[in-house]
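What follows is one structure encoded as structure tokens, with my remarks underneath.
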Amino acid sequence: MAGKSERQRRQARERYRRQQQQRAVRQRQVRKRWVAGLSAVVAAGLIAGLLVIFLPGGSGKSASASASKSPTASHSASAAAAAEPAHHCSYAATTPVAKKVSFPPTAPDYTASYQATLNTNQGKITFDLLNSKATCTVNSFIHLAEAGYFDHTQCHRMLTSGIYVLQCGDPYATSTAHLTCSSTSKVGTGTPGYEFASENLTGAKYPAGTVAMANGSATSNGSQFFIVFQDSTSGLAATYPPFATVSSGLDIVQNVAKDGYSCQYPQADGGGGAPKKKVIIDSVTIKRT
């Protein structure tokens, strides 16, 4: 029996790892298509400009498009882990952008203590944020919460075998969306337009009540996170940055899990499914404690 349980945990861990890697692959595919499309637009614009200049009767003038503001050097720097509590944070641009939002500040308030409350249709779920251990992750989460990034989104994935988590934080999963668990859906690939490095992984464990970032690599943390509703330490590799612990409302997630899935994601995408009982995040409240 012990051998069978270990195999199930190992299989669950591998499925979740594949799901996160698949998410990263789909993000890269979307990014490549976006870059290709942008290149075509730029080429078309260049041709149009040349035609204005060189066609007979051309005025030699063309309207110039205003350049979009580029991120600052510190924002566009490669994501890199920092000693905790971090005094400086780096966030690197990425796609696809599920909901447009600015970059977080690069100078976090690393001495503060914070509490976050997910105001959901199922009730309030409150986190104590681990600002002294995952400063840049907390800095990002607070920034997204205060920008309304999580508002009117639904938690789109739940795993209930070997790994016991509810995953949230992708605005592609709108509050009114009917989740189909299709491998071609954008749901599960959304980012806030930036990514950052993992932190707080030394000795990381995932007991019930842990809140951690979902990612596909050590530098691809963005907005998606998961809530552990049953001990998953043996099922999850220590690659997902823990940044909070649930102080109240964990029973809400556990009750949602009891109802199971409305659809199931392909095993190749990591398995799990969309919760049958929808969890819609109406807003996220941040309180300084």
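Per 5 Å bin, what is the whole-percent P(r) computed from every C-alpha pair distance within the stretch 233-289? Here the calculated profile for the stretch 233-289 is 4, 12, 14, 22, 24, 16, 5, 2, 0.
Give the aspartates and glutamates whose C-alpha is closer than 17 Å to that of Lys100, dropping any in the same chain fewer than 8 places away, or say none. The qualifying aspartates and glutamates are Glu146, Asp151, Asp170, Glu195. Measuring max minus min along each principal axis, the C-alpha atoms of the stretch 129-272 give extents of 38, 32, 30 Å (largest first). Pairs of Lys residues in the stretch 154-283 that lie 8 or more places apart, or on two chains, and have C-alpha atoms under 20 angstrom apart add up to 5.
Evaluate Rg over Rh across the stretch 79-172, taking Cα atoms for both radii and Kirkwood's formula for Rh. Here the Rg-to-Rh quotient is 0.98.
Read-outs: derived from the displayed coordinates by stated rules, not from any lab. This one's a predicted model, so the numbers in the text were calculated from it and none came from an experiment.
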